[in-house]
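First up is the structure itself, then whatever we jot down about it.
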Amino acid sequence: MIIVMSTRATEKDISSVMEMLEERGYGHHISRGVERTLIGAIGTPDGEKQSMAEKLMTIPGVERVVPILRPYKLVSREHQEETSVVYIGDAAFGRGKVGVIAGPCTVETEEQTLEAARAVKQAGAVCLRGGAFKPRTSPYDFQGLGEDALKILATAREETGLPVLTEARDVRHVDLVAEYADAMQIGARNMQNYDLLHSAGQSGIPVLLKRGLSATVEEWLKAAEYVAASGNLNIILCERGIRTFETITRFTLDLSSMVAAKQEPHLPIIVDPSHSTGHHSLVRPMTMAAVAAGADGVMIEVHPHPDRALCDNVQQLTPRNFQRLMERLQKLANALDVDLQAVPGKE
Ligand code: PEP
Ligand code: MN
């Protein structure tokens, strides 16, 4: 349920609503707009909604109580009509701000990560990515350097000024990732790991939630609702390709669902053209397609020497190819009148 306060509601009225919800054991989430405040009630059982709505209507300052019909509430546009702008450090995503996140698939060495970080910063990326805890399909593949990688990412942030994003693969990684990183990724294979979603929501840092390999948009949005219901609405969704019968690409980049999904939640949505296509030659065209279709950002794998990369070497771009991509993307952004926030070459 969403409780819509009138434009004349006082702080006392707002507190009375929250107290009534708390007394009955329900959670709440408050959004203070310029004109009015909305309070989302969390956890009201369907059978109690009608009587609860009637009680809430007796509190001064309550204008309306709107039942939410969608299975996701806090992330829906019924809760907040306008698209959210989510920040990772100073990098903005949403409402005309398009952010490029770039960096290696995984942190291998300090030298490799710093080289990648300098190159992506130079080309205009606004956030550095790099895996510390890698979700690998085979147990024999490189699993990531763990905390040592987080330290290397922090060094790269210090040198370049880029905020860093890295994945927490398990509940046990959440505190550590929150200590070092500016945003936490939940990977595709973990989209329905509800304990992890809950912990990530409580971490206090923005969460980038990838779509599961075979998740519908509705399942993806419900996963985002878990993060939101744990107290964190700083969520960026990331379409990273789904499993289909097609094998010519690594996954199938589902851009039409990305566009359709944008109409439902108020959260920004970005696209990962690297993991979805699996091939460096497809990354630039699909980046262009994603931004032209309205994505609020992209996440691209860049490695100083893709031929020597410990994982995903076929899809990682060289710094030179990333630079070319950014030049093209800037032209597209100008034509679309969206803000890439990138001043290429700016240190
Ligand atoms: C990644 O971004 O490093 C990654 C492993 O992606 P995904 O979870 O989408 O496979
Ligand atoms: Mn990768």
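Label residue 51 and residue 292 with points 7 Å out from Cα along Cα→Cβ: what is the distance between them in nm?
Spacing of the two 7 Å Cα→Cβ label points: 5.7 nm.
Are there GluC sites (Glu not before Pro) in segment 1-66 that DSSP puts in a loop and that have at most 14 other Cβ atoms within 10 Å, and which ones?
35
Ordering 211, 324 from largest to smallest accessible area (1.4 angstrom probe), what's the sequence?
I get 324, 211, largest accessible area first.
So if R0 is 22 Å, what FRET efficiency would residue 318 and residue 213 give, r being the distance between their Cβ atoms, rounded to the nearest 0.05?
With R0 = 22 Å, the Cβ-Cβ based efficiency is 0.20.
Return one whole number: the accessible area per residue of the chain in Å², for a 1.4 Å probe.
So the chain comes to 44 Å² accessible per residue, rounded to a whole number.
Distance check, please: which entries in 121/262; 73/134; 12/49; 121/331; 262/331; 73/262 exceed 25 angstrom between their Cα atoms?
From the list (121/262; 73/134; 12/49; 121/331; 262/331; 73/262), the Cα-Cα distance tops 25 Å for 121/262; 73/134.
Just to check I understand the Karplus step: with θ = phi - 60° and J = 6.51 cos²θ - 1.76 cosθ + 1.60, what whole-Hz values come out for segment 76-83, glycine and proline as x?
7, 6, 5, 7, 8, 5, 7, 4
Computing the accessible area with a 1.4 Å probe over protein heavy atoms, can you report the carbon and sulfur percentage for segment 1-124?
Solvent-exposed carbon and sulfur of segment 1-124 make up 49 percent of the total.
Classify segment 269-347: rounded, prolate or oblate, from the alpha-carbon gyration tensor (a ≥ b ≥ c, eigenvalue square roots; a/c under 1.5 rounded; otherwise prolate if a/b is larger than b/c)?
Because a/c hits 1.5 or more and a/b fails to exceed b/c, segment 269-347 counts as oblate.
Under a crude label model (7 Å from the Cα following the beta-carbon direction), how far is residue 114 from residue 8 in nanometres?
6.4 nm
With a 1.4 Å probe and all protein chains kept in place, how do 87, 140, 72, 194 rank by accessible area, largest first?
Largest accessible area first, the residues go 140, 87, 194, 72.
Roughly how big is the chain's charge dipole about its Cα centre, with Cβ charges of +1 (Lys, Arg) and -1 (Asp, Glu), in debye to the nearest 20?
Value, rounded to 20: 700 debye.
In nm, give the distance between the simple-model label positions of residue 158 and residue 248, each being 7 Å from the Cα along the Cα-to-Cβ direction.
Once both label points are built, they end up 4.8 nm from each other.
Please find the FRET efficiency linking residue 18 to residue 95, where r is the Cβ-Cβ separation and R0 is fixed at 22 Å, and quote it to the nearest 0.05.
Here the calculated transfer efficiency is 0.20.
Does segment 76-230 classify as rounded, prolate or oblate by the C-alpha gyration tensor (a ≥ b ≥ c root eigenvalues; a/c under 1.5 gives rounded; else a/b over b/c gives prolate, otherwise oblate)?
Here segment 76-230 falls in the oblate category.
Please say if segment 34-137 is rounded, prolate or oblate, where rounded means a/c under 1.5 for a ≥ b ≥ c the square roots of the C-alpha gyration tensor eigenvalues, and otherwise the choice is prolate for a/b larger than b/c and oblate otherwise?
Since a/c reaches 1.5 and a/b is larger than b/c, the shape of segment 34-137 is classed as prolate.
Pick out which of 273, 139, 60 has the largest mean-square fluctuation in a Gaussian network model of the chain, springs linking Cα atoms closer than 10 Å.
Comparing 273, 139, 60 in the GNM, the peak value goes to 139.
State to the nearest 20 debye the size of the charge dipole of segment 160-253 about its Cα centre, where the only charges are +1 on K and R beta carbons and -1 on D and E beta carbons.
Charge dipole, segment 160-253, about its Cα centre: 300 debye, nearest 20.
The values are calculated or read from the model by the stated rules, or taken from the named source; none is laboratory data. On a predicted model such as this, the values are computed, not experimentally measured, just so you know. No Cβ is skipped: glycine too gets one built from the backbone with ideal geometry, and neighbour counts run over all protein chains shown. Just the protein is used for accessible areas: all its heavy atoms, side chains included, with ligands, DNA and RNA removed. Shrake-Rupley method; radii C 1.70, N 1.55, O 1.52, S 1.80 Å.
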